[in-house]
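Okay, so here's the structure we're looking at.
Just so it is clear, none of the values below were taken in a lab; they were calculated from the coordinates. Predicted, not measured: the structure shown is a model, and the values here were computed from it. Here Cβ is always computed from backbone atoms with ideal geometry, including for glycine, and neighbour counts include all displayed protein chains.
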Amino acid sequence: MTKAEVKYFLSQKPGYLKVGPDKLSERLDCSVEMCKSALEEVKLEMKEEVTSSNENVISEFEEFLDKNNIKSEDVASVKFWQTMSGQQRFSVVTKKDGNNVDEIKKEIEDFASTYSELVPKVLRTNKLYDPVVCEVSLPDIHYGKLTGYTLGEIEEQFMAVVIDLVQKASGFEIEKFLLPIGNDGMNSEGLRGTTTKGTPQHDSAGWKETFRGYWKLMVRAIDYLKSMAPVHVVVVSGNHDYERMFYAGDVLSGWYRQDDNVTVDNSDSSRKYFEYGSNMIMFTHGDKEKPADMPLIMATEKPEMFARTQNRETHCGHLHKEMVNEYRGVKVRFIPSICPNDEWHKQMGYKAKRTGQAYIWNRLRGLEGYLQTNVRG
């Protein structure tokens with residue numbers, strides 16, 4: 001394989017830009033040196049595209065000031081947004097003692113960088129003979145929790161688990177990824193510094209930083225997955241972040257509103273449902289309903305879906321450990337978490353293995369097994 005072929009592969013599967021040259025070399029069966037060079041060149045080309053886009057927005061801003069006879073020292077703030085076609089737009093608010101124009105240029109540049117599209121649209125033409133849905137389920141990460149890890153370290157651990165699970169599932173014909181998010185995705189409701197009911201929490205960062213950091217981490221995961229197959233995101237509110245997960249879900253709905261590769265279920269109900277062939281999955285945090293009542297809840301809330309399907313499960317978070325029971329033929333599965341313990345849990349002697357899991361759903365045969373990644377520490 002030539003370097004040009006490696007670069008073409010990366011352009012078609014940009015999720016591999018996040019892996020190192022060693023893993024890329026194993027995937028493509030070529031030298032590590034060639035993969036390293038190709039990775040560097042593709043990342044540089046993509047950075048140049050973003051820079052060019054940013055410069056265009058800044059030039060338009062300067063031209064706007066000149067045309068409207070606005071002095072830079074009179075600019076107080078700039079409001080900007082993205083049109084339905086993906087173009088950046090801005091409006092200028094002026095006052096006598098305004099901000100420095102260089103600061104405003106930087107603000108616009110940051111905005112343009114945030115909204116620059118780096119991942120090309122995925123075209124899938126290969127026929128799948130035995131398709132499956134791969135459910136990547138990582139509940140209860142409690143983003144922002146004070147654990148001794150930085151937010152950056154928590155983000156890299158999360159992405160490493162996602163990537164490892166997907167690589168382990170590479171032998172399956174995945175036609176769609178199912179990504180339930182939330183289930184205490186964030187550690188607190190934010191400014192209050194408490195759970196939804198008011199229990200005080202110890203966070204490692206401010207509420208704005210943790211909210212923005214969490215949804216951007218979800219964007220990283222979704223972008224990685226959608227480079228290989230369409231992604232269906234299910235937003236599940238927890239008992240720590242019931243309100244903020246709804247807000248994060250709305251951010252993601254807007255972010256991917258024009259992306260045919262991504263759908264986001266942020267409906268009002270605390271319980272969400274997913275149907276795939278003969279399979280029915282209910283998602284709920286698991287802190288309110290009794291497990292034995294869940295089959296009846298499923299049949300009552302979604303009777304038609306219940307009647308159409310034969311393989312039914314409820315997937316819950318909340319407990320941070322794996323537990324599976326079966327009631328009336330419906331499995332109720334509490335899924336483990338990769339969240340590290342905080343000081344309080346350590347003092348209490350609580351210990352759960354940090355584990356991430358992915359479930360393989362066959363359209364006809366139902367759940368055919370799960371894959372697992374264990375996190376050290």
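Between Ser11 and Asn69, what length in nm is gained on full extension when 0.36 nm per residue of separation is reduced by their alpha carbon distance?
16.5 nm
At a threshold of 8 angstrom on Cα-Cα distance, excluding pairs fewer than six apart, so keeping six or more, what relative contact order does region 249-331 reach in percent?
Here the relative contact order equals 26 percent.
Along the charge dipole of region 191-316, Cβ charges K/R +1 and D/E -1, which of Thr284, Thr210, Tyr256 sits furthest on the positive end?
Selected residue: Thr210.
Compute the FRET efficiency between Thr2 and Lys23 as 1/(1 + (r/R0)^6), taking r as their Cβ-Cβ distance and R0 = 25 Å, and round to the nearest 0.05. Before the final figure, lay out the partial values.
Details: r = 19 Å, r/R0 = 0.77.
In this case the efficiency is close to 0.80.
Pull out the extension gain between Ser170 and Arg257, defined as 0.36 nm times the separation in residues minus the alpha carbon to alpha carbon distance; nm, one decimal.
Here the segment from Ser170 to Arg257 would lengthen by 28.5 nm.
Counting Lys +1, Arg +1, Asp -1, Glu -1, what net charge surrounds Arg363 among other residues with beta carbon under 14 Å of its beta carbon? Don't jump to the answer; show the numbers that get you there.
Details: positive: Lys176, Arg308, Arg365; negative: Asp130, Glu135, Glu173, Glu175, Glu275, Glu368.
Combined, the nearby Lys, Arg, Asp and Glu give -3.
Run the simple label-point estimate for His202 and Ala76 please: 7 Å along Cα→C-beta, distance reported in nm.
4.3
Taking 0.36 nm per intervening residue step and subtracting the Cα-Cα distance, what contour gain separates Lys216 from Gln310 on full extension?
Length gained, Lys216 through Gln310: 30.2 nm.
At what distance in nm do the modelled label points of Phe246 and Glu62 sit from each other, each positioned 7 Å from its Cα along Cα→Cβ?
Modelled inter-label distance: 4.6 nm.
Any of Lys216/Lys288; Lys272/Lys353; Lys145/Lys208 with alpha carbons more than 18 Å apart? Name them for me.
Those over the limit are Lys216/Lys288; Lys272/Lys353.
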